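Visitor: Quick one: the structure is below, and I'll ask about it shortly.
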Amino acid sequence: MKQLPKEDSKKLDKLMNHLQEAAETFLGYPCNRTFDYSALYPFLGLPINNVGDPFMPSVFGLNTHALEREVLDIFKSYTHAPSDSFWGYITNGGTEGNMYGIFLARELHPDGMVYYSEDTHYSVNKIMRVLHARNIMIKSQSNGEMDYDDLYETVRIHRDVPPIIFANIGTTMKGAVDNLDKIRGIMKRLAIPRYYIHADAALSGMILPFVDHPQPCDFRAGIDSISISGHKMIGSPIPCGVVLAKKGNVERIARSVEYIGTFDTTLTGSRNAVTPLFLWYAFKSTGREGFRNIIAECIENADYAIDKMSHFGIDAWRNYNSITVVFPRPGAALVSKWQLAVQQKIAHIITMPHVTRKQIDRFVAELAADLIDTDHADHKKSNRQ
Ligand SMILES: *Cc1c(COP(=O)(O)O)cnc(C)c1O
């Protein structure tokens, strides 16, 4: 190992201290920090790369495609993808999976119109611009779910082009789930013959498979593709995610990009070969039952946080099967200390697996003091916009 100059080595130590400290008050973003992948560290010493289609043989042999396929198979069972006709790959995160889903939809329906709600993740606007996809924003309801009347009216006006629905399975700020049955019902009522549904299930895609009464959220509910983040609920020091789609759709567009003996089906060229190992390790070491227990505890902790806040008269709430607790936005110091995600008048914490009741107690006490202190009283009345 090469030695670093002393001052540079100090810099690293300082950064590590800072990160460890910040990790103690990490309540606002859905990135699980309870993982231990040290058994996999030797793989970091190899120039591995998962370039290309994980289901196709590749000339580049230093890859982890075999375990990537195992991970895809596990996601296939969680999302009830058609078992002999699904396709997918491990992405760099939820955004890439969403871009892939809309890319596929746009290739299948070049004249299609993408519909997504106001509460959709900020990256979707960028995806529309990158893909040059025609799109219309649909109103949201106050809980963050799509306004189905607005969807109906808007699609009705544009009946001549195939709708591409970008559905939220857990919105970023409020954890709301768009109702796929209602969306399909609207297509039926309007007698729309061809449409495409992509599910953005960044966080909730790893929650809903493990609860007793999930909302419709997967291939059984008529979706065509789904994107789930890997570094959120599962946890990873390197951002990652998964995208799954129907194989028939992928093949229809893959033919046109076939080159030098493999299929350039993925959005990026070189791909991370380590993150599939992290996800594989997480699944194999935690298991379905393990995730059921973890998710159940996260939901209990979300209710615990809501109870605590209610006790102080703070209007806190969550959506069904969501671990995102919404409350009035506090002052900037608290937002920064606890790394809260904020939007206009609201803020949230997400009771991820690393969030303890002790942290919730500390946070709620500070939140209550802050909201009383800094005259956020008007926010207290209602944060439901
Ligand atoms: C986090 C998130 C994304 C983006 O995922 P990345 O993994 O950060 O790219 C997209 N949609 C929703 C609903 C999210 O919560």
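Visitor: Is there any pair linking a residue in the stretch 110-138 that is more than 14 Å from residue 158 (Cα to Cα) to one that is away from the ligand (no atom under 16 Å from the Cβ) and not in a helix (DSSP H, G or I), with Cβ under 7 Å and at least six apart or on different chains, and which?
Guide: 118/139
Visitor: Filter the stretch 301-347 down to the residues that are aromatic (Phe, Trp, Tyr) and part of a loop (DSSP other than H, G, I, E, B), then identify the one that is surrounded by the most Cβ atoms within 10 Å (Cβ to Cβ).
Guide: 338
Visitor: Another question, if that's okay. Can you say whether residue 34 is surrounded by 11 or more Cβ atoms within 10 Å (Cβ to Cβ), in a loop (DSSP other than H, G, I, E, B) and of a type in the set (S, T, N, Q), as far as the supplied structure shows?
Guide: The answer is no for residue 34.
Visitor: If you go through the stretch 170-223, how many residues are surrounded by fewer than 22 Cβ atoms within 10 Å (Cβ to Cβ) and under 12 Å from the mean Cα position of the chain (by Cα)?
Guide: Selection size over the stretch 170-223: 1.
Visitor: Among (1) away from the ligand (no atom under 16 Å from the Cβ); (2) modelled with pLDDT under 95; (3) open to solvent by 10 Å² or more (accessible area, probe 1.4 Å), there is one condition residue 268 misses while meeting the rest; what is its number?
Guide: All conditions are met except number (1).
Visitor: Within the stretch 170-186, can one find any residue that is farther than 21 Å from residue 232 by Cβ, away from the ligand (no atom under 16 Å from the Cβ) and in contact (Cβ under 8 Å) with a residue 40 or more places away in the chain?
Guide: So far as the stretch 170-186 goes, yes, one or more of its residues are farther than 21 Å from residue 232 by Cβ, away from the ligand (no atom under 16 Å from the Cβ) and in contact (Cβ under 8 Å) with a residue 40 or more places away in the chain.
Visitor: What tally of residues in the stretch 119-139 results from selecting those that are within 13 Å of the ligand (Cβ to nearest atom), of a type outside the set (D, E, K, R) and more than 14 Å from residue 164 (Cα to Cα)?
Guide: Residues of the stretch 119-139 within 13 Å of the ligand (Cβ to nearest atom): 119-127.
Pick out the ones that are also of a type outside the set (D, E, K, R) and you get 120-125, 127.
Those still in the list that are more than 14 Å from residue 164 (Cα to Cα) too: 120-123, 125.
Of the residues in that region, 5 qualify.
Visitor: Sticking with this structure for a sec: Tally up the residues in the stretch 69-81 that are among the β-branched types (Val, Ile, Thr) and crowded, with 19+ Cβ neighbours inside 10 Å, please.
Guide: 2
Visitor: If I filter the stretch 241-262 for residues that are modelled with pLDDT of 95 or more and closer than 16 Å to residue 352 by Cα, do I get at least one hit?
Guide: no
Visitor: Give the residues of the stretch 314-342 that are small (Gly, Ala, Ser), under 17 Å from the mean Cα position of the chain (by Cα) and at pLDDT 95 or above, sorted by residue number.
Guide: The answer is 322, and nothing else.
Visitor: Something else about it: If we scan the stretch 194-201, do we find a residue that is touching a helix residue (DSSP H, G or I) at 6+ places or on another chain (Cβ under 7 Å) and within 13 Å of the ligand (Cβ to nearest atom)?
Guide: For the stretch 194-201, residues touching a helix residue (DSSP H, G or I) at 6+ places or on another chain (Cβ under 7 Å) and within 13 Å of the ligand (Cβ to nearest atom): present.
Visitor: Considering only the stretch 4-15, I want to know if a residue exists there that is within 26 Å of the chain's Cα centre (by Cα) and assigned to a loop (DSSP other than H, G, I, E, B).
Guide: First, pick out the residues of the stretch 4-15 that are within 26 Å of the chain's Cα centre (by Cα): none.
No: zero hits.
Residue by residue, here is whether (1) over 13 Å from residue 117 (Cβ atoms); (2) assigned to a loop (DSSP other than H, G, I, E, B); (3) in contact with a helix residue (DSSP H, G or I) (Cβ under 8 Å, 6 or more places away or on another chain) holds:
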site	(1), (2), (3)
133	yes, yes, yes
149	no, no, no
152	yes, no, yes
160	yes, yes, no
172	no, yes, no
186	yes, no, yes
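Visitor: Okay, next question. Any chance you could count how many residues in the stretch 202-237 are within 11 Å of the ligand (Cβ to nearest atom) and in a loop (DSSP other than H, G, I, E, B)? Before the answer, list the steps.
Guide: Kept after step one, since they are within 11 Å of the ligand (Cβ to nearest atom), are these residues of the stretch 202-237: 202-205, 227-233, 236.
Subsequent filtering for residues that are in a loop (DSSP other than H, G, I, E, B) retains 202-203, 230, 236.
Adding up the residues that qualify gives 4.
Visitor: Looking only at the stretch 82-100, how many residues end up being more than 11 Å from the ligand (Cβ to nearest atom) and either open to solvent by 10 Å² or more (accessible area, probe 1.4 Å) or over 25 Å from residue 292 (Cβ atoms) (or both)?
Guide: Step one: filter the stretch 82-100 for residues more than 11 Å from the ligand (Cβ to nearest atom), giving 82-90, 100.
Remaining after also requiring either open to solvent by 10 Å² or more (accessible area, probe 1.4 Å) or over 25 Å from residue 292 (Cβ atoms) (or both): 82-87, 89, 100.
Residues flagged as more than 11 Å from the ligand (Cβ to nearest atom) and either open to solvent by 10 Å² or more (accessible area, probe 1.4 Å) or over 25 Å from residue 292 (Cβ atoms) (or both) within the stretch 82-100 amount to 8.
The values are calculated or read from the model by the stated rules, or taken from the named source; none is laboratory data. Keep in mind that what you see is a predicted model, and the values were worked out from it rather than measured. Neighbour counts run over all protein chains shown; Cβ positions are idealised from the backbone, glycine included. For the accessible areas, the whole protein counts, side chains as well, though only heavy atoms, and no ligand, DNA or RNA atoms are used. Shrake-Rupley method; radii C 1.70, N 1.55, O 1.52, S 1.80 Å.
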